[in-house]
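Let me begin by presenting the structure, written as structure tokens, before commenting on it.
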Amino acid sequence: MSTPATRVAARHLGTLVTPAWLLALADYAEQHAEPEAYVPNAARLLRALAKSVSLGNMEAVSIEDLWAYLLDRDVDPVELKLLQRRPPPRPPRAPHRVPFQDAMRAFEQAVDKSVVWSLWLDDPDVDQWSAPLLAWAKAVKGLSRFRRAHNLFRSEVRKVNVGDKSVGTEEASWRAGGVLFLSLRAGAAAATDTLVHEMGHALEDKLGLMVVAGGDTPYGQPPFVSSMAEVNAAEDFAETFRALETEPHRLQQVAQTKYDDMRERVR
């Protein structure tokens, strides 16, 4: 005999679960689980799965595959029934696809720079890049909230290279000659914070620096304001600039010496 939970699940077979819904399900498990249920295990698995899907390390799973995934990892059946009481996410509506030519015009207007397109513009499926391109256009407009980064974008960026490839895991990168590369594969990851970071690299070029660890520079040495800053001294410099623009109070609390140094360089 079917239960209300299994009938709900059956109606949603094939529905793909999103990272946001997985995180909400983890919260639901922690809030409503019976004392004997293994909540930490299920919540941990759901959060790890949400992270893997959002980073692209794992494809989105269907609702039925999710239940099988949890059972295979020894989630208690009692808890699984609890989780199945929560209605699955509604299938998303098919997005309205903006013609790429329209997205190009909006982007070029936002950046107001020479743009090089490193992708096949005559590809029949080129409209797939419209949404991420518009996301980058929005990110560029967001620079207006950060005076120093906005001014660096206007003065130091000579050309914007837009492509459908990524350099490693990079969403954007600063290149010699004042070239800012933006990857359309960044999708929703396109963010103003990323551009502010890249303007930190532009600042390094503008000042004629080659930031390396050691000597009298605080960069490349702890404390670090983010995990990205730990990569090397140049990334630390760019992240310090980003933090000065976007979260100055936290930067001052975490790395006072770097805060003071960067304030001196950009005042």
Convex hull (Cα only) mean projected area of region 52-181, reported in nm² to one decimal: 11.7
Output the 0 to 90 degree angle, nearest 10, between the alpha-carbon long axis of helix 63-72 and the longest principal axis computed from the alpha carbons of the chain. 80
Of all DSSP beta bridges located in the chain, what percent are antiparallel, nearest 5? 35
Which order do peptides 193-201, 47-55 fall in by mean Cβ count within 10 Å, highest first? 193-201, 47-55
Relative contact order for the chain, counting Cα pairs under 8 Å that sit 6 or more residues apart, in percent: 12
Using Cα atoms only, what is the angle between the long axis of helix 130-142 and the major principal axis of the chain, expressed in degrees (0 to 90) to the nearest 10? 50
Let me have the relative contact order for region 94-198, percent, based on Cα pairs under 8 Å that are six or more residues apart. 29
Under a Cβ-Cβ cut-off of 15 Å, what is the net charge of the residues other than Leu71 that fall near it, where Lys and Arg count +1 and Asp and Glu count -1? -4
One-quarter of the Cα convex hull surface for the chain, in nm²? 18.1
Cα convex hull of region 116-192, projected area averaged across orientations, nm²: 5.2
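Since every read-out is calculated from the coordinates, none of them should be taken as a lab result. Computed from a prediction, not measured in an experiment: that's the story for all the values here. Neighbour counts are summed over all protein chains in view; Cβ atoms, including those assigned to glycine, are modelled from backbone coordinates with ideal geometry.
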